[in-house]
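Q: To start, I am sharing the structure in question, which I have written as structure tokens.
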Amino acid sequence: MTVFCLVELDGDAVADASLRALTLARGLAAGAGTAAVVFGAAPGADLPVVSDLPVVSDLPVVSDLAAYGVGDVYVVAGIDGYAPQAWARALAELLRAATSAPDSSPPAVVAAGTEHGNEVLAHLGAITGLPMAANCVAAVPADGGVLSIVRQRWAGLLLEEAVLDAPAALLTVAVDAVAAEPRPAPAAAAVVHPVSASVGDADLVVRAAESPAGAGGASLATARVVVGGGRGVGSAAGFASLEELAELLGGVVGVSRVVTSEGWRPHSMQVGQTGTKITPDLYLACGISGAIQHFAGCSGAKHIIAINTDPSAPMMTRADYAIVGDLHEVLPALLESLRARA
Ligand SMILES: Cc1cc2nc3c(=O)[nH]c(=O)nc-3n(C[C@H](O)[C@H](O)[C@H](O)COP(=O)(O)OP(=O)(O)OC[C@H]3O[C@@H](n4cnc5c(N)ncnc54)[C@H](O)[C@@H]3O)c2cc1C
């Protein structure tokens, strides 16, 4: 089975969520080799928008992909910035070529269950007419050419067993459920295939024209460092120190639902059951109580540091390190020390 995996980049590295998706894709390919699809700005591209995509051939991601069992890397050039329908159009072309190859078994396209991954695969489903299964935690070929899958429902509170019966499978992988595991055997070198997609103007109607300075392309779902702020931050203006801290640590800011309900920050920044699930190396939760609905979105963080005036707040009792104190005193001290180091 040919398994394509849409790979998202976090700065100049493969996003952690994509490494998890590659791990599931490798199991699905069952030794046949996984093909990664990466979108990179065309070398020397002079396009009228600000590119937020690096030139992939200049980056070490190819050897990182090989370590996860990738045999072929398709680098799609010519689409500048994130453009979900155009990305899906390129994937549809690769899928069509794989399906029309002689003696080919049904292929699959896998992506991380991030906002980008889910959005691109939904477009791919619409373009190809294929069904898409989101937030899978397992997928194995079963009798009769179907795929047996387990996927998260109700924000991960329920696991659903289902059968996907389609000429090609489209799956996204729950970002907090599959551990990223490199291939146990030594990696063979991956072959890079530069490809260009035939996209029309209609495919580019929605696209990201620029990224905020310092964002480095990282999204909340894929960032390695997230600085979280809750009601304890006190106001919209209070987030300035969290934003500076996130920039110094190379991360992004996430918030609790209270913050979005107050209108201090948009819903796209919300972490939790009804927001984004995050899996950073470090989650620094400032003035967040740690309600179960918030924790549903951050329990995949490898390390949690909490800052709270209340030592018995659930976030404090679940954190790896807890700082009892007023965040308006702790953060300035932390910033001063980080600025001095920078
Ligand atoms: C169906 C449903 C879905 C939900 N989905 C989500 C979701 O996706 N994400 C989410 O976040 N919530 C969600 N919620 C809401 C959730 O239940 C909580 O209400 C919310 O997470 C609380 O946000 P908070 O921690 O910022 O505020 P609070 O619970 O009010 O906590 C504020 C914390 O800040 C501390 N604090 C105050 N001042 C300071 C200071 N100066 N310095 C340090 N600490 C300070 C306090 O001690 C307290 O622990 C959902 C609720 C429901 C019912």
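The values are calculated or read from the model by the stated rules, or taken from the named source; none is laboratory data. Model, not experiment: these values are computed from the prediction. Because the Cβ atoms are built from the backbone with ideal geometry, glycine has one as well, and the counts that use them run over all protein chains shown. Remember, those area values only see protein heavy atoms, side chains included, never the ligands or the DNA or RNA. Shrake-Rupley method; radii C 1.70, N 1.55, O 1.52, S 1.80 Å.
Q: Springs between alpha-carbon pairs under 10 angstrom, Gaussian network model over the chain: which of 320, 143, 80 fluctuates most?
A: Top of the fluctuation ranking is 143.
Q: Next up: Bin width 5 Å, origin at 0, all Cα-Cα pairs of the stretch 119-164: what percent of pairs per bin?
A: Over the stretch 119-164, the share of Cα pairs per 5 Å bin runs 5, 21, 23, 23, 21, 6, 0 percent.
Q: Ok, one more. Determine the equivalent ellipsoid of the chain by diagonalising the alpha-carbon gyration tensor, then write out the semi-axes as square roots of 5 times the eigenvalues, largest first, rounded to whole Å.
A: 36, 23, 18
Q: Further question on the same structure: Work out, in µm²/s and without decimals, the Stokes-Einstein translational diffusion coefficient of the stretch 201-293 at 25 °C, 0.890 mPa s, Rh from Kirkwood over C-alpha pairs.
A: For the chosen part, D equals 178 µm²/s.
Q: If you take every DSSP beta bridge fully contained in the stretch 3-204, what fraction is antiparallel? Give it as a percent rounded to 5.
A: So the antiparallel bridges amount to about 35 percent of the total.
Q: So, in nm, how far is label residue 185 from label residue 105 when the simple model puts each one 7 Å beyond its Cα toward the Cβ?
A: 1.6 nm
Q: Counting alpha carbon pairs within less than 8 Å and at least 6 residues apart, what relative contact order, in whole percent, applies to the stretch 188-304?
A: 26 percent
Q: Shifting gears a bit: For residue 170, enumerate residues with amide H under 5 Å from its amide H, sequence gap 5+ or separate chain, H modeled in the peptide plane.
A: Those lying under 5 Å, H to H, from residue 170 are 109, 133.
Q: Could I ask something else about it? Of 311, 255, 323, which is farthest along the charge dipole of the stretch 225-341 in the positive direction, counting Lys and Arg as +1 and Asp and Glu as -1 at C-beta?
A: Highest projection toward the positive end goes to 255.
Q: Hey, what's the Kirkwood Rh for the stretch 3-204 if you take every pair of different alpha carbons, in angstrom?
A: 16.9 Å
Q: Explain nothing, just the number: relative contact order of the stretch 3-204, from Cα pairs under 8 Å at least 6 residues apart, as a whole percent.
A: With pairs under 8 Å counted, the relative contact order is 28 percent.
Q: Within the chain, which is the longest segment that contains none of the GluC sites (Glu not before Pro) sitting in a DSSP loop with at most 15 other Cβ atoms within 10 Å?
A: 1-209
Q: Given contacts defined as C-alpha pairs under 8 Å and at least six residues apart, what's the relative contact order of the chain, whole-number percent?
A: 16 percent
Q: With all protein chains present and a 1.4 Å probe, how do 295, 239 order by accessible area, largest first?
A: Putting 295, 239 in descending order of accessible area: 295, 239.
Q: Next question, about the same structure. Relative to a virtual label point 7 Å from the Cα of residue 303 in the Cα→beta-carbon direction, which members of the stretch 312-342 show backbone nitrogen distances below 20 Å?
A: Counting backbone N atoms under 20 Å from the label point, the list is 315-325, 330-342.
Q: Shifting gears a bit: Working from Cα positions, state the angle (0 to 90°, nearest 10) between the long axis of helix 84-100 and the longest principal axis of the chain.
A: With rounding to tens, the tilt is 30 degrees.
Q: Calculate I(q)/I(0) for the stretch 225-341 by the Debye formula, one identical point scatterer on each C-alpha and no solvent, and give its log10 at q = 0.11, 0.18 Å⁻¹ to two decimals.
A: -0.29, -0.83
Q: Also: Quick one: putting +1 on the C-beta of Lys and Arg, -1 on the C-beta of Asp and Glu, what dipole do you get for the stretch 122-206 around its Cα centre, in Debye to the nearest 20?
A: I would put it at about 140 debye.
Q: Note down the magnitude of the dipole of the chain about its Cα centre, charges +1 on Lys and Arg C-beta and -1 on Asp and Glu C-beta and zero elsewhere, to the nearest 20 debye.
A: Dipole of the chain, to the nearest 20 debye: 560 debye.
Q: Order of 285-293, 127-135, 301-309 by packing, highest average Cβ count within 10 Å first?
A: Listed from highest to lowest mean packing, they are 285-293, 301-309, 127-135.
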